[in-house]
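Notes follow once the structure below has been shown.
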Amino acid sequence: MINIESTPRAAKKQTKTRAGAPRKTRTPKAGVSQTTGGAKSAPQTIDDPKRILELLQAVGESAGGKLQVPPPSFLTMDAAVQSYTPGSSLTVSFPVKEQYLNPLGRMQGGFICAAMDNTLGPLSFLVSGGAAVTLSMNLDFVRGIKAGDTLRVTATVLSRSRTNLIMDALAHDGRGKLVARASTQFQVFAVRAKDRVEKN
């Protein structure tokens with residue numbers, strides 16, 4: 001009779017490589033998130049308005065000052081940057097002023113369109129790292145928004161190539177109700193060196 005000695009699983013022999021040497025277990029580096037299957041971790045959202053504006057200004061400076069960011073249209077509407085997810089989305093809020101109203105006492109559609117363009121535009125600059133212009137915008141109005149409320153616009157990148165960006169934007173009121181949605185196409189182009197403005 002042959003006796004087979006049983007051993008606990010914890011005492012099993014160490015797994016060996018083809019060369020016969022024990023396999024080494026890598027220790028994760030501090031501050032680096034581990035993901036399964038080798039997938040990259042999602043970019044962290046930046047919710048510091050000052051930091052986001054610095055990133056925008058850096059785009060303008062990289063073009064030798066040729067690009068004015070944020071643009072006057074952005075500042076005129078008292079836009080307030082809320083959050084930015086690198087390469088993905090940007091959220092900006094706009095106060096609804098009395099001078100924006102239509103005869104029905106709601107924010108006029110042109111101003112809603114401007115608010116959305118003032119969110120999509122900066123996102124295109126941040127994503128492309130340079131200049132971009134709106135080629136097309138399709139806009140659907142869902143409901144009105146009154147003076148004293150805040151229009152919150154979130155623009156998101158759907159697709160990008162070397163020369164084009166496809167994005168959409170959703171605008172909500174202070175209650176989180178959808179006010180309008182837009183789908184857009186932007187053309188990305190490089191600022192030529194001879195077009196750059198030298199700083200004094």
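What follows is calculated from the coordinates using simple rules that are stated; it is not laboratory data. Here the structure is a predicted model, which is why all the values come from computation and not from measurement. All Cβ positions, even for glycine, are placed from backbone atoms using ideal geometry, and neighbour counts span all protein chains on display.
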Using a basic spin-label model with each label point 7 Å from the Cα along Cα→Cβ, how many nm lie between residue 134 and residue 160? 2.0 nm
Given a Förster distance of 30 Å, report the FRET efficiency between residue 143 and residue 51 from their Cβ-Cβ distance, rounded to the nearest 0.05. 0.35
Given the range 49-195, what count of lysine pairs have C-alpha atoms under 29 Å apart, with each pair 8 or more places apart or on different chains? 8
Whole-Hz ³J(HN,Hα) for each residue in the range 117-134, computed from phi via Karplus 6.51 cos²θ - 1.76 cosθ + 1.60 with θ = phi - 60°, x for glycine and proline: what do you get? 5, 6, 9, 5, x, x, 5, 4, 5, 5, 6, 7, x, x, 8, 8, 10, 6
Modelled label reach - residue 41, point 7 Å along Cα→Cβ, the range 83-124 residues with backbone N closer than 20 Å: 84-89
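So for the range 49-195, averaging the separation of alpha carbon pairs under 8 Å that are six or more residues apart and normalising by length, what relative contact order in percent results?
23 percent
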Cut-off under 5 Å, modelled amide H: who pairs with residue 179 long-range: 171, 172, 173
Would the range 49-195 count as rounded, prolate or oblate if I go by the C-alpha gyration tensor, calling it rounded below 1.5 in a/c and otherwise prolate when a/b exceeds b/c, oblate otherwise? prolate
